[in-house]
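Single-structure report; data block below.
The values are calculated or read from the model by the stated rules, or taken from the named source; none is laboratory data. Computed from a predicted model, the values in this text were never measured in an experiment. With ideal geometry, Cβ positions are generated from the backbone for all residues, glycine too; neighbour counts draw on all protein chains shown.
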Amino acid sequence: MKLLSIQEAIAIMNESIAVPPTHKLIRSGIYRNAEREQPPYYKIELEWNKKGEPELDEDGLVNRHVIRAEFDAITGRIVAYCRHDHRRDAEKREREMDAALYEAVYPHVLRWINRLRLQIVPGELQLHKKCIYNGRLYELYYGRQHNGIPFSSYQSFHIHLNERFELIHLYCRWDDCTFADSGNRIPPETFKRRFDSDMLSFLSLSQSILFMFAGKTPSMPQTANGSIRNGKNGLKG
């Protein structure tokens with residue numbers, strides 16, 4: 001497994017999100033994800049600050065000039081990004097975007113998805129939140145769905161843009177997978193006809209076992225006179 005180098009991550013950063021020349025790199029590293037079963041399995045973390053500025057401000061918080069980025073060290077994609085200079089805006093009262101404002105902001109969301117080469121298919125975005133703070137900071141939060149079926153909650157895309165549609169905050173957890181074309185769906189009746197009686201008996205038995213483990217009594221298929229039927233031979237109990 002070949003991991004991205006620190007130098008390669010810096011080059012990707014400068015190509016996709018230009019770091020101001022007033023800033024210098026103050027921290028970098030390659031880390032194993034603490035959540036070992038979830039991607040990204042290895043991360044690169046980079047942090048810049050304005051030259052001559054302390055790491056913390058007068059309130060003991062991260063300096064507002066700090067810029068932070070996280071990369072998937074295997075794919076090279078940016079998975080998290082944060083500028084702290086709009087922190088005060090996010091503390092202001094929020095209001096929900098109306099439909100017209102959302103339609104104006106959404107194309108810029110797609111532009112950033114393409115610019116960062118994220119593996120997100122726009123049709124799978126499921127909008128959960130669309131807010132504006134202080135009239136100048138847009139927040140959009142999406143889950144993932146396919147053909148109306150939602151994914152597990154950890155797959156999400158969270159983005160903040162300022163009034164110039166510059167990237168302020170990004171968090172992306174999106175599995176790199178695709179789905180087969182579902183245009184040729186099998187109707188339920190056709191699906192049932194493809195099972196013979198033996199298959200149906202097996203499914204009934206499987207259901208009974210599941211109910212037994214759950215501490216419940218399943219309802220068994222019956223004949224016309226009420227006796228229990230088993231398989232295609234119609235054995236009575």
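Consider region 1-20 and keep the residues that are among the charged types (D, E, K, R) and not in a loop (DSSP other than H, G, I, E, B). The one that is surrounded by the most Cβ atoms within 10 Å (Cβ to Cβ) is Glu8.
Region 100-171 holds strands (runs of 3 or more DSSP E) entirely within its bounds, and those carrying 2 or more residues that are farther than 20 Å from Ile17 by Cβ map to 125-133, 137-146.
As a summary of the residue check, Asn147 satisfies the conditions (1) at pLDDT 60 or above; (2) surrounded by 11 or more Cβ atoms within 10 Å (Cβ to Cβ) except for the one numbered (2). Put simply, of Glu47, Glu53 the only residue that is surrounded by 12 or more Cβ atoms within 10 Å (Cβ to Cβ), in a loop (DSSP other than H, G, I, E, B) and either in contact with a Cys (Cβ under 7 Å, 6 or more places away or on another chain) or acidic (Asp, Glu) (or both) is Glu53. Here Glu96 clears all of (1) free of Cβ contacts under 8 Å to residues at least 12 places away in the same chain; (2) exposed (fewer than 14 other Cβ atoms within 10 Å of the Cβ) except the condition numbered (1). Considered as a group, the residues in region 21-38 that are in contact (Cβ under 8 Å) with a residue 24 or more places away in the chain and assigned to a loop (DSSP other than H, G, I, E, B) include one that is nearest to Asp175 (Cα to Cα), and that residue is Gln38.
Selection over region 142-161 of residues that are touching a Leu at 6+ places or on another chain (Cβ under 9 Å) and farther than 13 Å from Val109 by Cβ gives a count of 3.
For region 74-133, a tally of residues being of a type in the set (Phe, Trp, Tyr) and more than 15 Å from Tyr171 (Cα to Cα) returns 3. Residues of region 152-168 that are within 15 Å of the chain's Cα centre (by Cα) and modelled with pLDDT of 80 or more: Tyr154, Gln155, Ser156, Phe157, His158, Ile159.
Contact map, region 114-131: residues that are closer than 22 Å to Leu101 by Cβ paired with residues that are of a type in the set (Gly, Ala, Ser), Cβ distance under 7 Å, separation 6+ or inter-chain. Pairs shown: Arg115/Ser16; Gln126/Gly143; His128/Gly143.
Residues checked against (1) at pLDDT below 95; (2) touching an Asp or Glu at 6+ places or on another chain (Cβ under 8 Å); (3) closer than 30 Å to Asp176 by Cβ:
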| position | (1), (2), (3) |
| --- | --- |
| Glu55 | yes, no, no |
| Asn63 | yes, yes, no |
| Ile78 | no, yes, yes |
| Asp85 | yes, no, no |
| Asp89 | yes, no, no |
| Lys92 | yes, no, no |
| Leu101 | no, no, no |
